[in-house]
Amino acid sequence: MTITVGSQNMQKNLPMVLAGPILRRITTERLTFWLVTSCPVQLQLALYPEHQSSIQVATEALSSACTTLQAGKRLYFQLIDLPLEQALPKSCWIGYDLQLAPVSDLNSEIPVYQGWQTWAPDLVYDNRELPSFVIQSRLNRLLHGSCRKPHHPSADGLLQADQLLAQSSETEWPALLMLSGDQIYADDVAAPMLIAIHQLIAQLGFSNEPLPESEVVDSEQLHQVQPHYYARENLLPKTKGGQAVVDLIFGGARKPVFTSDSAHNHLISLAEVLAMYLLVWSPAPWQGLSIPNSDAPELALTEAQKAVYQAEQQAVLAFAAHLGQVRRVMAHLPVAMIFDDHDVTDDWNLTAAWEQAAYGHPLSKRIIGNALLGYLICQGWGNAPEQIPAQMLTQTQQALQQLGAEAHNQLVDELLSFSHWHYQWQTDPVLIVLDTRTHRWRSELSLNQPSGLMDWEALTDLQQQLLGHKAVVMISPAPMFGVKLIETVQRAFTWFGQPLMVDAENWMAHRGSAYALINLFKHPRTPRHFVILSGDVHYSFVYDIELRGEHHSPNIWQITSSGIKNEFPRTLLNIFDRLNRWLYSPRSPLNWLTKRRKMRVIPRKPTTADHGERLVNASGIGLLELNEDGSPRKILQLCSDGRKVSFKKKEDEARWE
């Protein structure tokens, strides 16, 4: 028995638009859209600013602004980075009508252009005639979150964003949506999702990708004959060195304290990575897919695997059922993105020893490279298109045409050494997005010690970026200021030589990067207001930070929203939460004995919290409103279960660290 998602007749006839449009960086002078189609298309675009004349974008201008990457016979990624001759107004609705015609139709006398009514009939909100956006004059309101795992058994936090937009006027419209990491889980894929990925790959027409030093010789065999559901760790040789790679990449770092996540269905081929992106952002590619039940003989699952599969199947199908609303959100808000580890693999670049093992094996290097290439095409490209060299896009197209060949391997090397994943948007206050994964400060003490999240050079460059700004919204995927007890546990495991067991990557785990970070805040020309937005940890919290002994100390707020569709083990987090408040209370001797950062930390209590709780453990999305000076006016966590959690400052619990 199989469960079919959508209409069966779509198996041979793919929708013309597979994903998008997703709004990326949007300014008064320039528009960036990301779109995926199943055929080459010609575009038409008209803009409709409210109370102003419409703007018809010339076909030639639109064509020259659009860059296309063909990844399969029926898979085309389009990035439209359009400079405008006429500046758009701020603080009002701007409708857009994006029309597409298959290139094959252009030879006819009258090409048939299709709008959203045809290829995404649920794209528009009830009170609007077109998909729309608002270019806010200030970064006064924004949504943010991270960690969206399709098979986690909770509702999708992006559905709360959709409800918010459905009820918002143009003055209330968020300026952007910030996705701060783990937009996909390349290393933690449900078997039903992997089956959907393989079915979609068969429709998209990818070329075959030879796999280096693997018992599965190529991607065709991996997708069709030996998919290795729940057993992909078996693909690496069991040599002494290879076993280290198995533990790091496929087995998932075992974390008895924090999580039991595994990576037995880790994405391997580039086709798997790209198909995953389509399936988490759009309902269109799900049409016609058939997900077999756990007892299907072709799956050959054990009884234990069948139980896992059934739970995953239920969660994945519920996730897919609401993707129309997710697509709608991303078509109405500028979306900024940055990777964290699960976009590539768990504990990515955590230690120097990890890097040596992972990049020293051809297959694991290819796996990481494919995930990073998927990030480039689906996320990084639209953040700051001018930072992606034209030569890299040319190399990308060559690699897509010659999967597994030398062009592919060379591109992987280029991506692993690429140094411009970080970026900033010229909003007010400025949005600065940090790359905390590829500029690591490797430990001078041991290869097995955690690396700093940014090295000296990157932190020095960041200091220069901050000069001249009165306020900044800074995106750090991992919190700069975290829960002290959890950081202490991570430090203890690191001391015993096991940082991978507890995901010991926090800003204070590396002494050099910790001191450099604090000195950055102490700089006399540093911004007056720092709002730090983070995710990663699978719980949400808010801290106010004051630096000790600084007459001109900036105001710092650590605001963490995680996850969009993921949560911390509930009982364990309750224990950590209450112990942290008790062990590190203002009067606790332990708190005074462990002070090290010369700062005052003031927690905020969630309005829905029980006595002793300071952390929110619920899937959802963060909503932040800022005052004119860039300080927070309202901080909310919109939980996927419908709760709206605000945070009350607790001065009586302030502690010096």
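The values are calculated or read from the model by the stated rules, or taken from the named source; none is laboratory data. Predicted, not measured: the structure shown is a model, and the values here were computed from it. Virtual Cβ from ideal backbone geometry, glycine too; neighbours counted across all protein chains shown. Calculation scope for accessible area: heavy atoms of the full protein, side chains included, ligands and nucleic acids excluded. Shrake-Rupley method; radii C 1.70, N 1.55, O 1.52, S 1.80 Å.
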Point to revise | When residues of region 80-92 are limited to those that are buried (at least 18 other Cβ atoms within 10 Å of the Cβ) and in contact (Cβ under 8 Å) with a residue 60 or more places away in the chain, the one farthest from Pro15 (Cα to Cα) | key: Leu88
Check your understanding: Which of the helices (runs of 4 or more DSSP H) contained wholly in region 445-531 include at least 2 residues that are at pLDDT 75 or above and in contact with a helix residue (DSSP H, G or I) (Cβ under 6 Å, 6 or more places away or on another chain)?
Key -> 456-466, 511-522
Check your understanding: Cβ-Cβ below 6 Å, separation at least six or inter-chain, first residue in region 39-55 and surrounded by fewer than 17 Cβ atoms within 10 Å (Cβ to Cβ), second acidic (Asp, Glu): which pairs?
Key -> Ala46/Asp97
Practice item. Of all residues in region 157-214, count the ones that are of a type outside the set (D, E, K, R), open to solvent by 10 Å² or more (accessible area, probe 1.4 Å) and in contact with a Phe, Trp or Tyr (Cβ under 7 Å, 6 or more places away or on another chain). Key: 1
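Do we have Lys650 as open to solvent by 20 Å² or more (accessible area, probe 1.4 Å), at pLDDT below 95 and either more than 14 Å from Tyr543 (Cα to Cα) or among the charged types (D, E, K, R) (or both) here?
Working: open to solvent by 20 Å² or more (accessible area, probe 1.4 Å): yes; at pLDDT below 95: yes; either more than 14 Å from Tyr543 (Cα to Cα) or among the charged types (D, E, K, R) (or both): yes.
It is true that Lys650 is open to solvent by 20 Å² or more (accessible area, probe 1.4 Å), at pLDDT below 95 and either more than 14 Å from Tyr543 (Cα to Cα) or among the charged types (D, E, K, R) (or both).
Among the residues of region 427-445, which ones are open to solvent by 20 Å² or more (accessible area, probe 1.4 Å) and out of contact with any Ser or Thr (no Cβ under 8 Å at 6 or more places or on another chain)? Steps first, please.
To start, the set of residues in region 427-445 that are open to solvent by 20 Å² or more (accessible area, probe 1.4 Å) comprises 427-428, 438-439, 441-445.
If the condition is that a residue be open to solvent by 20 Å² or more (accessible area, probe 1.4 Å) and out of contact with any Ser or Thr (no Cβ under 8 Å at 6 or more places or on another chain), then Thr427, Glu444, Leu445 are the ones that fit.
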Check your understanding: Would a scan of region 16-28 turn up a residue that is modelled with pLDDT of 95 or more, touching a Lys or Arg at 6+ places or on another chain (Cβ under 6 Å) and crowded, with 17+ Cβ neighbours inside 10 Å?
Key -> no
Practice item. Go through region 579-615 and count every residue that is touching a helix residue (DSSP H, G or I) at 6+ places or on another chain (Cβ under 8 Å), at pLDDT below 65 and assigned to a helix (DSSP H, G or I). Key: 2
Check your understanding: Is it the case that some residue within region 106-120 is touching a residue at least 60 places away in the same chain (Cβ under 8 Å) and charged (D, E, K, R)?
Key -> no
Revision key, fill the gap. Within region 404-426, the count of residues that are over 14 Å from Leu372 (Cβ atoms) and either surrounded by 22 or more Cβ atoms within 10 Å (Cβ to Cβ) or at pLDDT below 95 (or both) comes to 1
Review point. Do you know which of the residues in region 283-333 that are part of a loop (DSSP other than H, G, I, E, B) and hydroxyl-bearing (Ser, Thr, Tyr) is least open to solvent (accessible area, probe 1.4 Å)?
Key: Ser294
**Study point:** Failed condition for Ala275, given (1) in a helix (DSSP H, G or I); (2) surrounded by fewer than 23 Cβ atoms within 10 Å (Cβ to Cβ)
**Key:** (2)
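For every residue, the table says whether it meets (1) touching an Asp or Glu at 6+ places or on another chain (Cβ under 8 Å); (2) open to solvent by less than 10 Å² (accessible area, probe 1.4 Å); (3) under 23 Å from Glu653 (Cβ atoms); (4) modelled with pLDDT under 95.
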residue: Leu533; (1), (2), (3), (4): no, yes, yes, no
residue: Ile545; (1), (2), (3), (4): no, yes, yes, yes
residue: His552; (1), (2), (3), (4): no, no, no, yes
residue: Lys565; (1), (2), (3), (4): yes, yes, no, no
residue: Phe568; (1), (2), (3), (4): no, no, yes, yes
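Select from region 429-443 the residues that are in a strand (DSSP E or B) and farther than 22 Å from Ala175 by Cα and list them in ascending order. Let's see the steps before the verdict.
First pass over region 429-443, keeping only residues in a strand (DSSP E or B): 430-433, 441.
Listed by number, the list holds a single entry, Trp441.
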Revision key, fill the gap. Log entry, pairs with first residue in region 156-182 being closer than 23 Å to Thr436 by Cβ, second being part of a strand (DSSP E or B) and polar (S, T, N, Q), beta carbons closer than 8 Å, six or more apart or on different chains, reads Ser180/Ser534
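Kindly provide the set of residues from region 56-79 that are more than 30 Å from Asn208 (Cβ to Cβ), open to solvent by less than 60 Å² (accessible area, probe 1.4 Å) and either in contact with a Gly (Cβ under 6 Å, 6 or more places away or on another chain) or in a strand (DSSP E or B) (or both), ordered by number. Give the steps one after another, and end with the answer.
Taking region 56-79 first, the residues more than 30 Å from Asn208 (Cβ to Cβ) are 56-65.
Now restrict to residues that are open to solvent by less than 60 Å² (accessible area, probe 1.4 Å): 57-59, 61-62, 65.
Once the filter is applied, which keeps residues that are more than 30 Å from Asn208 (Cβ to Cβ), open to solvent by less than 60 Å² (accessible area, probe 1.4 Å) and either in contact with a Gly (Cβ under 6 Å, 6 or more places away or on another chain) or in a strand (DSSP E or B) (or both), region 56-79 yields only Val57.
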**Study point:** Matching residues in region 354-388 - criterion: being more than 22 Å from the chain's Cα centre (by Cα) and open to solvent by 10 Å² or more (accessible area, probe 1.4 Å)
**Key:** Gln356, Ala357, Tyr359, Gly360, His361, Pro362
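Given the options Ser91, Ser137, Ser108, name the one that is modelled with pLDDT under 95 and small (Gly, Ala, Ser). Steps first, please.
Details: Ser91 fails: modelled with pLDDT under 95; Ser137 fails: modelled with pLDDT under 95.
Of Ser91, Ser137, Ser108, the one residue that is modelled with pLDDT under 95 and small (Gly, Ala, Ser) is Ser108.
Picking from Arg437, Arg442, which residue would you name as being touching a Leu at 6+ places or on another chain (Cβ under 9 Å) and of a type in the set (Lys, Arg)?
Numbers: Arg442 fails: touching a Leu at 6+ places or on another chain (Cβ under 9 Å).
The match here is Arg437.
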